[in-house]
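One structure is given here, and the rest of the page talks about it.
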Amino acid sequence: MTAPERFLAACKRMPVDRTPVWMMRQAGRYLPEYRAVRSRVDFLTLCRSPDLASEVSLQPIERFGMDACVIFSDIMMAVEAMGAPVSFGDGGPHIDEPVRSMAAAERLRVTDPETSLSYTMEALRITREALRDRAALVGFVGGPFTLASYLVEGGGSRSYATIKTMLYTQSAVAHALLAKLAEFCALYAVAQVRAGAQAVQVFDTWAGELSPAAYEEFALPYQTKVVGAIREAGVPAIIFVNGCAGKLDLLAQSNADVVSVDWRLDLRNARERLGPGVAVQGNVDPCILLSSPLVVSAAAREAMDAAGPVGHVLNLGHGILPPTPIECARAFVEAPKLSGLPV
Ligand code: CP3
């Protein structure tokens, strides 16, 4: 099997010759070759330069040979393409003018991603061409709630008090904002498929902060819209929500082909609760990769045993951390190759 065949078969719960593997945020600061590129250009310039973005996307594939290559960009580039300027400091994304009113939500524009995000489309085309069959190319979009949380808070948050206050006191504004984000993200995801993405992951990272009832009202309908567009475009949709334990049944209702599970819950339990119709991805704690190759191999093996041989993509429970030693990242990617055929 080629790597894309292995990856797509697992997403569709079909038999594989071995469990496919990749790591969320695998193109990033733990790699010296990424830091070398970043010493020359700032983060936004990197995202906006197709050749450099493609080079950085390919770095982990060249070094480790995982089965999927995630395109280099950021979930916040979509927000910028809708007309809200974003900057990146040490603390993550920053929105210069947070969206706190209906007028501000209405000012955001549903642009044509082929034009407003043409650099990402070009990066996808170059990367797909360079990959050939070495790895499946994965596109991504932010989940509408996660994008809204940055737009309303103005940046990252501990309590999400500002966006939650909007949900509970100005729900019409919240729904208008979420609907617009979902509309654009659906277009953006489909454009990525046209440009060569073979699967698309929806990163609704911070939707895990919502109560199940709020998730059902403010996250699920908008995720479902984006997931539907991805599936209609003919590729698997993967959904990731950090802290999904209390919402697994709701996540399955999004109709995603694959649910990406964080490390706070047992993968056997997640597998059972999701039922046989859904593939799982995950769920090794990224902090395990701060230990030693032996410990990493054992944890990867345990995740593969827990998920079973069909319908599992081995991955981390969230993004790889910048202090991760290279030999631990390598041990993770090698683990399925060492484990022999699934039983
Ligand atoms: O391999 C890959 O997955 C790289 C592509 C990628 C990035 N961001 C690059 C990046 C992807 C898929 C993302 C998604 C993203 N961005 C998410 C969802 C996934 C998750 O991890 O929960 C979120 C919430 C963001 C917003 C964001 N961008 C934050 C919070 C930060 C700062 C966090 C940090 O690690 O510093 C960023 C910046 C960012 N995005 C970096 C990278 C490599 C670090 C910036 C740098 O190089 O200086």
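The values are calculated or read from the model by the stated rules, or taken from the named source; none is laboratory data. Predicted, not measured: the structure shown is a model, and the values here were computed from it. Glycine gets a Cβ as well: all are built from the backbone with ideal geometry, and neighbour counts include every protein chain shown. Quick note on the areas: whole protein, heavy atoms, side chains included, nothing else; ligands and nucleic acids left out. Shrake-Rupley method; radii C 1.70, N 1.55, O 1.52, S 1.80 Å.
Of F184, F140, which has the most accessible area with a 1.4 Å probe, and how do the rest follow in descending order?
F140, F184
Round to the nearest 10 and report in Å² the accessible area of K180, as given by a 1.4 Å probe over the protein chains' heavy atoms.
40 Å²
To the nearest 0.05, what FRET efficiency results for R301 and R231 with a Förster distance of 45 Å applied to their C-beta separation?
Approximately 0.90, to the nearest 0.05.
Quick one: accessible surface of D266, probe radius 1.4 Å, all protein chains present, in square angstrom to the nearest 10.
Taking all protein chains as shown, D266 has close to 80 Å².
Taking only DSSP H segments of four or more residues, each worth -39500 (n - 2.57), what value at 222 nm results for the chain once the sum is divided by all its residues, to the nearest 500 deg cm²/dmol?
-14500 deg cm²/dmol
Excluding ligands and nucleic acids, what accessible area in Å² is computed for S87 using a 1.4 Å probe, to the nearest 10?
The accessible area of S87 comes to roughly 40 Å².
What accessible area per residue, rounded to a whole number of Å², is obtained for region 180-240 using a probe radius of 1.4 Å?
30 Å²
If the chain were replaced by its equivalent ellipsoid, with semi-axes equal to the square roots of 5 times the Cα gyration tensor eigenvalues, what would those be, largest first, whole Å?
Working from the Cα gyration tensor, I get semi-axes of 30, 23, 19 Å.
Can you tell me how region 1-136 classifies by the Cα gyration tensor, rounded, prolate or oblate, using a/c under 1.5 as the rounded cut?
On the way: a/c = 2.21, a/b = 1.63, b/c = 1.35.
Taking the square roots of the gyration eigenvalues as a ≥ b ≥ c, region 1-136 is prolate.
Can you give me the % of accessible surface on the chain that is carbon or sulfur? Probe 1.4 Å, all protein chains present, nothing else counted.
53 percent
Output the Cα-based Rg and Dmax of region 117-223 in Å, rounding Rg to one decimal and Dmax to a whole number.
Here Rg and the maximum Cα pair distance are 15.9, 50 Å.
Ranked from highest to lowest mean number of other Cβ atoms within 10 Å per residue, what is the order of the peptides 106-117, 40-51?
Ranked from most to least packed, the peptides come out as 106-117, 40-51.
Please give the per residue accessible area of region 1-154, computed with a probe of 1.4 Å over protein heavy atoms only, in Å².
39 Å²
Taking each full run of DSSP H in the chain as one helix, which ones are at least 15 Å long along their axis (Cα atoms) and have mean Kyte-Doolittle hydropathy of at least -1.0? Write down the numbers at each step before the final one.
Numbers: long enough: 50-64 (22 Å, -0.16); 118-131 (20 Å, -0.14); 171-194 (34 Å, 1.12); 220-232 (17 Å, -0.07); 293-307 (21 Å, 0.73); 326-338 (18 Å, 0.48).
Flagged H segments are 50-64, 118-131, 171-194, 220-232, 293-307, 326-338.
Through the Karplus equation 6.51 cos²θ - 1.76 cosθ + 1.60, θ set to phi - 60°, convert the phi angles of region 209-214 into ³J(HN,Hα) values in whole Hz; use x for Gly and Pro.
So the J values, rounded to whole Hz, are 6, 7, 5, x, 5, 5.
For E334, E272, give me the order by solvent-accessible area with a 1.4 Å probe, most accessible first, ignoring ligands, DNA and RNA.
From most accessible down to least: E272, E334.
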